[in-house]
1. Answer yes or no: is there a residue in the range 83-93 that is crowded, with 19+ Cβ neighbours inside 10 Å, modelled with pLDDT under 95 and assigned to a helix (DSSP H, G or I).
2. For Val107, are the conditions met, namely being outside any helix (DSSP H, G or I), of a type in the set (A, V, I, L, M, F, W, C) and in contact with a strand residue (DSSP E or B) (Cβ under 8 Å, 6 or more places away or on another chain)?
3. Pull up the range 138-195, narrow it to residues that are assigned to a helix (DSSP H, G or I) and of a type in the set (Lys, Arg), then point me to the one that is surrounded by the fewest Cβ atoms within 10 Å (Cβ to Cβ).
4. What pairs come out if I take residues in the range 96-114 that are under 18 Å from Gln70 (Cα atoms) and pair them with residues that are part of a helix (DSSP H, G or I) and not aliphatic (A, V, I, L, M) whose C-beta lies under 7 Å away, six or more apart or interchain?
5. Quick check, is Ser224 modelled with pLDDT of 95 or more, among the polar types (S, T, N, Q) and surrounded by fewer than 20 Cβ atoms within 10 Å (Cβ to Cβ)?
6. Checking the conditions here, which among Asp202, Asp209 is under 15 Å from Thr99 (Cα atoms) and modelled with pLDDT under 95?
Amino acid sequence: MAIPEQIIMRKIKKRQKTRKKLRALKELEDECRQVPGTSFGVLSDTRFSSLRGKVADATLKAIESMGFTQMTEIQAMTIPHLLEGRDVVAAAKTGSGKTLAFLIPAVELLSKLKFMPRNGTGALVIAPTRELAMQTFGVLQELLQGQNQTLGLIMGGTNRQSEGAKLAKGVNFLVATPGRLLDHLQNTSEFVYKNLQCLIIDEADRILDIGFEEEMKQIPSASSE
């Protein structure tokens with residue numbers, strides 16, 4: 001399955017239209033810091049145990065081993081919608097728990113579909129920088145404890161050939177930076193992505209700010225070749 005151009009462009013356009021709102025959000029955040037008892041990314045009243053029966057036991061066990069019992073506000077607001085298969089555009093500050101918010105539903109989706117290496121990439125996370133990609137990959141490693149799905153990380157500055165070899169074996173969860181992803185889409189013939197089920201664009205506004213808009217526009221056409 002090609003990465004739908006309309007989905008990527010819709011997400012990009014939404015981000016472009018909401019930059020002013022994000023700036024206003026930051027101003028509000030700065031104001032809240034001055035008011036006792038207010039915080040962004042605070043814990044909600046929802047516990048991860050409320051997901052029992054909705055996500056795999058292995059996922060709940062991994063979350064518990066990571067030391068989390070209660071969801072943050074962004075997790076409580078987005079995870080239920082994502083588990084129902086809805087598209088979500090969310091804005092949250094660093095440290096709010098957004099990474100788990102998008103990874104938990106993605107892990108559950110591929111777990112239910114019983115994805116195997118031969119199925120190729122089923123969930124793709126696009127991150128703006130190497131640092132964020134590595135951070136997301138680390139969280140994903142912990143979350144996949146006890147699961148059978150494979151995972152991989154591709155980004156600029158690393159060995160492209162070894163990345164290609166791993167993609168050829170089948171990577172169910174893939175974390176990538178835009179430039180290196182486009183490179184493999186165009187040049188790694190063994191990269192299987194026709195079964196893609198879930199696309200996550202992390203920090204989409206930052207991806208555009210640091211100059212990856214052209215790569216993001218090329219990804220849909222490259223994935224359809």
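1. Within the range 83-93, none of the residues are crowded, with 19+ Cβ neighbours inside 10 Å, modelled with pLDDT under 95 and assigned to a helix (DSSP H, G or I).
2. no
3. Only one residue fits best here, namely Lys169.
4. Gly97/Gln75; Thr99/Thr136; Leu100/Gln75; Ala101/Gln75; Ala101/Thr78; Ile104/Thr59
5. So Ser224 does not fit the description; no.
6. Answer to the check: Asp202.
The values are calculated or read from the model by the stated rules, or taken from the named source; none is laboratory data. Predicted model, so just to flag it, every value in this text is computed and none were measured. Don't worry about glycine lacking a Cβ; one is built from the backbone with ideal geometry, like all the others, and counts go over all protein chains shown.
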